Structure formats: C-alpha cells, structure tokens
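Colleague: Take this structure, written in structure tokens, and hold onto it; I'll ask about it next.
Read-outs: derived from the displayed coordinates by stated rules, not from any lab. All values reported here derive from a predicted model rather than from experimental measurement. So basically every Cβ, Gly included, is an ideal-geometry build from the backbone, and we count neighbours across all protein chains shown.
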Protein chains: 2
Amino acid sequence: MTQRQPRLEIEYCTQCRWLLRAGWTAQELLTTFVTELGEVALIPGVGGVFDVRLDGELLWSRKDQGGFPELAALKQLVRDRIAPDRSLGHSDKKD
Amino acid sequence: MTQRQPRLEIEYCTQCRWLLRAGWTAQELLTTFVTELGEVALIPGVGGVFDVRLDGELLWSRKDQGGFPELAALKQLVRDRIAPDRSLGHSDKKD
C-alpha cells in the first residue's frame, strides 16, 4: 500500500457534517494541482476538527485560526510548497 | 504523517476527467462508513485507470472489470471487509 507524496490531508468533523466541505476542498485542490499532488486524503474526525496538512505540515487548523480556510489562500499555501513557480491566475496575490 | 486504516484508495485518470466521479465515490463511501473508514485517498493517475483499493487489496479495477463499479456493489465489498455485521439497507443483497 503505497502512500503518494506530496500528500495533502483534510481531517474533518463528521459530527459537524463537514464531509461535503472537505470533499469540495479536496476536489478544488486536485483540479488546480492536477499533476503536482500525489494524493489527497479525506480523514473523518470528531470534535470540531477541520485541519489541512501537507506532508505532515499543518497548513490550516480551525482550532488555531477559526473558521474555514479561504480557498484562494489555501491554494497559495499549497502552491508555495509544491509548485512555487505556478501562477494561480487572477486570484493570485503576489506578496 | 500518519496514514489511517482502513485506508481506501481511489486512483483515477486525470486525462479522462474522472475526478468528479472519484470524489463522488469517496463521499458516498464516507457517508455510509462514517466511523469505520480511517481515510479515503484520492490519487490522480493516467492512462484510463480507475482502481479502488482497500488496505492494498484491489476491490475494483476498470482494466480488469470494465466500466465503473456499481456503488451498491462497491459498498458491499467494503462492508464485507471492514464492517461485516452492517446492513446497507434496502439495496443490500444477501448472498
């Protein structure tokens, strides 16, 4: 059983019914980073968790940051790590 | 970086644009097996691949079986391995 890298994980609270949000986020990232992501794992969790990790690095945590990641910002975090030369189009901030 | 088990993998062909199908399958399985699945990984592939694996065991391969897995049948394959006592409701065949 081979785990692919880069591996992005989305751990979501099942009690909060965040599967659809997690699934949407996963598909958005896989649409943007078609060939750059090795896999995106959806991980059922509990207790209000909504965490996004890339190869073990925590990119977003609802507990720390509050709310949910803004998708353009999340894509920038992923891009900076796995495809730093990629432009993300009109929503891309250069900073 | 912890991989959760049972781990279900869906490897899909990006050239064939099967992400939405893979994402839908992932969410259906996570809706049915809320607490029984450790994770579902979406894995971009090429060359017409649509494979479903559970902890390394190939449950469905488009190359071998042709077409796509019927969702009720796929759920039965998963259920038999990770939650054998679970009924899948009205669509469940006892055989």
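Colleague: Cα extents of chain B along the three principal axes, largest first, in whole Å?
Modeller: Projected onto its principal axes, the Cα set of chain B covers 38, 34, 21 Å.
Colleague: Follow-up. In the range A:1-85, which GluC sites (Glu not before Pro) are in a loop and have at most 14 other Cβ atoms within 10 Å, using DSSP for the loop call?
Modeller: On the way: sites: A:Glu9, A:Glu11, A:Glu28, A:Glu36, A:Glu39, A:Glu57, A:Glu70; in loops: A:Glu36, A:Glu70.
In loop regions of the range A:1-85 (DSSP not H, G, I, E or B), the sparsely surrounded GluC sites (Glu not before Pro) are A:Glu70.
Colleague: Let me ask something else about it. Taking θ = phi - 60°, what integer Hz values does the Karplus form 6.51 cos²θ - 1.76 cosθ + 1.60 yield along the range B:74-82, in sequence order, with x for Gly and Pro?
Modeller: Karplus-based 3J(HN,Hα) across the range B:74-82 equals 5, 5, 5, 4, 5, 4, 4, 9, 10 Hz.
Colleague: Same structure, new question: With label points built 7 Å along Cα→Cβ from the Cα atoms of A:Thr2 and B:Val46, find their separation and express it in nm.
Modeller: 1.4 nm
Colleague: Moving to a separate point now. Taking springs between alpha-carbon atoms closer than 10 angstrom, which of B:Leu59, B:Leu71, B:Leu29 fluctuates most in the Gaussian network model of chain B?
Modeller: In the Gaussian network model the winner is B:Leu71.
Colleague: Ok, one more. Take the rotation relating chain B to chain A, measure from its axis to every Cβ in chain B, and name the nearest residue with the distance in whole Å.
Modeller: B:Ala41, 2
Colleague: Okay, moving on. Determine the dipole magnitude for chain A: charges of +1 sit on the beta-carbon of Lys and Arg, -1 on that of Asp and Glu, nothing else is charged, the reference point is the Cα centre, and the result goes in debye to the nearest 20.
Modeller: On the way: 13 positive and 14 negative charges, 36 e Å.
Here the size comes out at about 180 debye.
Colleague: Given the options B:Asp64, B:Asp51, B:Asp80, state which has the largest fluctuation in a GNM of chain B using a 10 Å cut-off (strictly under) for Cα springs.
Modeller: Of B:Asp64, B:Asp51, B:Asp80, the Gaussian network model singles out B:Asp64 as fluctuating most.
Colleague: Using a Gaussian network model of chain A with C-alpha springs under 10 Å, which one of A:Thr35, A:Thr14, A:Thr25 is most mobile by mean-square fluctuation?
Modeller: Looking only at A:Thr35, A:Thr14, A:Thr25, the biggest GNM fluctuation is shown by A:Thr35.
Colleague: Note the angle between two axes, namely the Cα long axis of helix A:19-32 and the longest principal axis of the Cα atoms of chain A, as a number of degrees from 0 to 90, rounded to the nearest 10.
Modeller: Roughly 10 degrees, rounded to the nearest 10.
Colleague: Loop only by DSSP, 15 or fewer other Cβ within 10 Å of the Cβ. Give me the trypsin sites (Lys or Arg not before Pro) in the range B:6-37 that pass, ordered by residue number. Could the numbers behind the result be given before it?
Modeller: Values: sites: B:Arg7, B:Arg17, B:Arg21; in loops: B:Arg17.
Passing sites in the range B:6-37 are B:Arg17.
Colleague: Restricting to Cα pairs below 8 Å that are 6+ residues apart, what does the relative contact order work out to for chain A? Please round to a whole percent.
Modeller: 29 percent
Colleague: Based solely on its DSSP helices, what 222 nm [θ] is calculated for chain A when runs of n ≥ 4 H residues each add -39,500 (n - 2.57) and the sum is averaged over all residues, nearest 500 deg cm²/dmol? Provide the component values of the computation, followed by the final result.
Modeller: Details: 3 runs with 30 residues, N = 95.
Only helices count here, giving -9500 deg cm²/dmol.
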